[in-house]
Amino acid sequence: MRKQIAAGNWKMNLSLEEGQTLCHALKSADRPQNVLTILGVPCPYLKSMHDICIDDSICIAAQNVHHEKNGAYTGETSVSMVKSLGIDYVIIGHSERREYQKESNEMLKTKVDLALEASLTPIFCCGESLDVRKSGAQNDFVSQQLKESLFHLEGADFSKLIIAYEPIWAIGTGETASPQQAQDMHHALRTFIAAQYGQDIANGISILYGGSVKPGNAKEIFGQADVDGGLVGGASLKADDFTQIIHSF
Ligand code: PEP
């Protein structure tokens, strides 16, 4: 049985106090035991949110790590720094970082390696642009992202990953992939993974959908056979909305 996961991504939003209030609200909300809740919070808040959530099965994720272990990289955060705060997850390869920070598949491969070496679980994001979707090449494009950043891993390491399929045209746009579009891509990715690592590993890996998930559409999307939850941006900033999403499995 694959893990069902509701992961939030706060991006560069909320004050420290607003973040703390949100964590306290999620902690006190009734949450199903079988759903793993992860919050991707801004780097300066990692420790504070972790300390608030630690006893309540809400895990905290960094939104990024640097691709070098340490050194003269002013303003950057290393995997060991994140790990030293007690954090267990990191989002790697979000499309906003691929676009604005020009993160390549090759660089993301290095980040994945460093994260795994430090026992941080990568939530690896992939997804195509609208142009690629319109051309019909989305399956090849997303498969290539996996191949170039992840397929060098041994099966045992690959099994530790969480994958998030996030079509860029649906992120923060209010436009959502239809449940069938999400299912088709998740199924294609699982098939692609099975060809590389075998069906058991493919069946065991959680693949999340991201792109304008809201309380009103989460149930139908999460109800698809190959969708194991969501990576949620905007709707993870409101306790009520995110709690409803956590209850949508
Ligand atoms: C995201 O940040 O990964 C995301 C999917 O954002 P939103 O839910 O706001 O589209």
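What follows draws every value from the coordinates through simple rules; no lab data is involved. What you see is a predicted model, and the numbers here were worked out from it, not measured in a lab. Here Cβ is always computed from backbone atoms with ideal geometry, including for glycine, and neighbour counts include all displayed protein chains.
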Legend entry - Contact order relative to length of region 4-246, as percent, for alpha carbon pairs under 8 angstrom and 6 or more apart: 20
Inset, instruction - Hydropathy first: keep DSSP H helices in the chain averaging at least -1.0 on Kyte-Doolittle, then drop any whose Cα extent along the axis falls short of 15 Å, and list what survives. - result: 16-28, 105-117, 138-150, 179-197
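Once the cut-off is 21 Å, how many percent of the Cα-Cα pairs in region 1-113 end up in the long-distance tail?
Here the long-distance tail beyond 21 Å is 40 percent of all Cα pairs in region 1-113.
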Inset, instruction - Output the Cα-based Rg and Dmax of region 64-193 in Å, rounding Rg to one decimal and Dmax to a whole number. - result: 15.1, 46
Inset, instruction - Between HIS24 and GLU117, with labels modelled 7 Å along Cα→Cβ, what's the label distance in nm to one decimal, could you check? - result: 4.1
Legend entry - Cβ-Cβ FRET estimate between GLU220 and SER84, R0 fixed at 30 Å, reported to 0.05: 0.15
Legend entry - Bins of 5 Å, starting at 0 and running to the largest distance - Cα pair percent for the chain: 1, 6, 15, 19, 21, 18, 12, 6, 1, 0
Legend entry - Potential extension, LYS69-LEU130 segment - 0.36 nm per residue separation minus Cα distance: 18.5 nm
Legend entry - Residue among TYR73, TYR89, TYR197 with the largest mean-square fluctuation in a Gaussian network model of the chain, springs linking Cα atoms under 10 Å: TYR73
Inset, instruction - Of all alpha-carbon pairs in region 47-109, indicate the percentage at a distance above 19 angstrom. - result: 37
Inset, instruction - Pop a pseudo-label 7 angstrom from the Cα along the beta-carbon direction at both GLU175 and GLN101 and give the gap in nm to one decimal. - result: 2.6
Inset, instruction - Rounded to the nearest 0.05, what FRET efficiency do GLN199 and GLN33 give with R0 = 30 Å and r taken as the Cβ-Cβ distance? Could you check? - result: 0.60
Inset, instruction - Kindly flag which residue pairs out of LYS83/LYS134; LYS147/LYS238; LYS47/LYS147; LYS27/LYS102; LYS27/LYS219 have an alpha-carbon separation exceeding 30 Å in this structure. - result: LYS83/LYS134; LYS147/LYS238; LYS47/LYS147; LYS27/LYS102
